[in-house]
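Worksheet: one structure, shown below.
The values are calculated or read from the model by the stated rules, or taken from the named source; none is laboratory data. Note that the structure is predicted; figures quoted are calculated from it, not measured. Quick reminder, even Gly has a Cβ in these numbers, built from the backbone with ideal geometry, and neighbours come from all protein chains shown.
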C-alpha cells in the first residue's frame with residue numbers, strides 16, 4: 001500500500017539499518033500506546049509513525065499484542081501463553097492460567113514493571129488503559145471464549161478478579177505467607193477458585 | 001497519668017471547646033499515621049500530639065482502628081464489622097465478609113477514598129502501609145483467628161487476595177459485567193471462593 005520501507009514518510013530519515021528500524025518501531029509504538037491506548041493503536045499507524053513499511057513491523061512482531069508486550073517490557077509472548085492455556089483444556093485450564101500468570105510475575109524485572117502498571121490502573125491514563133485492554137484483548141477474552149463453558153465475560157471478570165488480587169497480595173502488598181510461598185503451592189491453593197470460575201456452576205444471574 | 005486535658009503540653013493553646021479537640025485529635029492522628037504508620041502510632045502519642053488528655057481520645061474514639069477509619073474517611077466501624085462477621089459463624093462467614101466488604105466499597109465517597117489508597121499500595125509510603133496494617137490488624141487477623149478452621153495466616157492471605165482483586169476489578173478497573181452487577185450477585189458468585197479459603201480443604205503446604 002505504501003512505498004518502500006525507507007523514506008515513505010516525508011521528513012523522516014531516508015535510510016536506516018534494521019537495528020535502528022526495530023528501535024524506531026518500538027519508540028513509535030510507545031508514543032502511540034501512551035497517546036491512544038491499546039485499542040486505538042494500529043500496526044499501520046505504528047509503521048507510519050516510525051517511518052517504516054508496515055511489512056517491517058510484521059517482520060519484527062507477530063502482532064499488536066507482541067508489540068505491546070515488548071514495549072512494556074514483559075517477557076511474555078501472548079500467543080504462546082494462549083496456546084499453553086488452551087492446550088490444557090477445560091480440566092487443566094485453571095492450573096495452566098495460574099502457571100502462566102505466575103511465570104510472568106516471578107521474573108524480577110517484569111515484576112517491577114508490572115507493579116507500577118497494576119497499581120497505576122486507577123490513574124486512568126491511556127497507558128494504564130492500554131495495559132488493561134491488552135490483558136483483556138490478547139489474553140483473557142480469547143482464552144475465555146475457548147475454555148469457559150458459558151457466560152465468558154462474567155466468568156472472565158471473576159477470573160481476573162482473583163488474578164489481580166493475587167498479584168496485589170503476593171507482589172505488591174507482599175502479604176505473608178502468600179508472598180513467600182513457592183509458586184506451585186500458590187497454584188494448588190488458588191486453582192480450585194479459577195476452576196469454578198471457568199467451568200463450575202454459577203448462581204443464576 | 002498526664003495533667004488536665006487542656007494545656008498539658010507546653011506551647012499548645014490552653015483552652016479549647018470539645019469540637020476543636022476532636023478536630024485536633026483527628027489532625028494529629030493524620031500526621032502520626034502518615035509519619036509512623038498504623039502500628040507505630042499509639043492513642044497516647046496522638047493525645048500528646050494533639051495536646052489533649054488521652055481520656056479525651058478514648059471519649060471520641062473506641063480505639064485505634066476507629067480513629068484510623070475516621071481519619072481516612074471510610075464509613076466503617078471495625079468493631080461492628082467484626083461482630084457482624086463473627087456472628088455469621090463458619091458457615092455464613094464468607095457471605096458476611098463479602099457483604100461488609102461490599103457495603104463499604106459501595107458508598108461513593110468511601111469508594112473514591114479507598115481507590116486511591118488501594119492503588120497507592122505499591123508506593124510504600126507510611127500512609128499506605130498504615131492502611132494495609134489497619135486492614136490486617138483490625139479486621140483480617142481477628143476474624144481469621146475466630147473463623148478459620150486452621151492456618152489462619154495462610155487462609156487470611158487467600159481471602160485478602162480475592163477481596164483485593166474484587167476491589168480492583170469492580171471499583172478500580174471497572175471490569176464488566178462485574179462492575180455493574182448488583183452487590184448480592186457478586187456475593188453469590190464469590191462466596192464459594194471465600195468459603196473454601198476460610199474452612200475448606202487446602203492442599204498440604
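Within segment A:171-189, restricting attention to residues that are part of a helix (DSSP H, G or I) and within 7 Å of chain B (Cβ to nearest Cβ), the residue that is farthest from residue A:153 (Cα to Cα) is A:185.
Taking the numbered list (1) touching a helix residue (DSSP H, G or I) at 6+ places or on another chain (Cβ under 6 Å); (2) part of a helix (DSSP H, G or I); (3) more than 9 Å from chain A (Cβ to nearest Cβ); (4) modelled with pLDDT under 90 in turn, residue B:149 passes all entries but (2). Out of all the residues in segment A:192-205, which are part of a helix (DSSP H, G or I), touching a residue at least 24 places away in the same chain (Cβ under 8 Å) and within 9 Å of chain B (Cβ to nearest Cβ)? Once the filter is applied, which keeps residues that are part of a helix (DSSP H, G or I), touching a residue at least 24 places away in the same chain (Cβ under 8 Å) and within 9 Å of chain B (Cβ to nearest Cβ), segment A:192-205 yields A:192, A:193, A:197. Residues in segment B:24-46 that are in a helix (DSSP H, G or I) and without any contact (Cβ under 8 Å) to a residue 24 or more places away in the chain: B:27, B:28, B:31, B:32, B:44, B:45, B:46. Could you tell me whether segment A:97-107 includes any residue that is modelled with pLDDT of 90 or more, surrounded by fewer than 16 Cβ atoms within 10 Å (Cβ to Cβ) and part of a helix (DSSP H, G or I)? No, segment A:97-107 contains no residue that is modelled with pLDDT of 90 or more, surrounded by fewer than 16 Cβ atoms within 10 Å (Cβ to Cβ) and part of a helix (DSSP H, G or I). Does residue A:14 meet the test of being surrounded by fewer than 19 Cβ atoms within 10 Å (Cβ to Cβ), under 14 Å from residue A:60 (Cα atoms) and modelled with pLDDT under 85? When the stated conditions are applied, residue A:14 does not pass them. For segment B:81-102, a residue qualifies if it is out of contact with any helix residue (DSSP H, G or I) (no Cβ under 8 Å at 6 or more places or on another chain) and closer than 15 Å to residue B:141 by Cα, and exactly one does: B:83. A single entry from B:50, B:87, B:94, B:45 fulfils the requirement of being modelled with pLDDT of 85 or more and over 26 Å from residue B:117 (Cα atoms): B:87. When residue A:133 is tested against the conditions (1) crowded, with 18+ Cβ neighbours inside 10 Å; (2) more than 10 Å from every other protein chain (Cβ to nearest Cβ); (3) touching a helix residue (DSSP H, G or I) at 6+ places or on another chain (Cβ under 8 Å), the lone failure is (3). Against the conditions (1) at pLDDT 85 or above; (2) more than 26 Å from residue A:186 (Cα to Cα); (3) surrounded by 18 or more Cβ atoms within 10 Å (Cβ to Cβ), residue B:72 satisfies every one except (1). Against the test of being within 14 Å of chain B (Cβ to nearest Cβ) and either assigned to a helix (DSSP H, G or I) or surrounded by fewer than 17 Cβ atoms within 10 Å (Cβ to Cβ) (or both), the options A:56, A:86, A:114, A:67 yield a single qualifying residue, A:114.
Just to be sure before I move on: is residue B:166 assigned to a loop (DSSP other than H, G, I, E, B) and facing chain A (nearest Cβ under 9 Å) in the structure I sent? Considered against the rule, which asks whether it is assigned to a loop (DSSP other than H, G, I, E, B) and facing chain A (nearest Cβ under 9 Å), residue B:166 comes out as no. Based on what the data block shows, is residue A:144 in a helix (DSSP H, G or I), crowded, with 20+ Cβ neighbours inside 10 Å, without any contact (Cβ under 8 Å) to a residue 60 or more places away in the chain and within 7 Å of another protein chain (Cβ to nearest Cβ)? No: the conditions fail for residue A:144.
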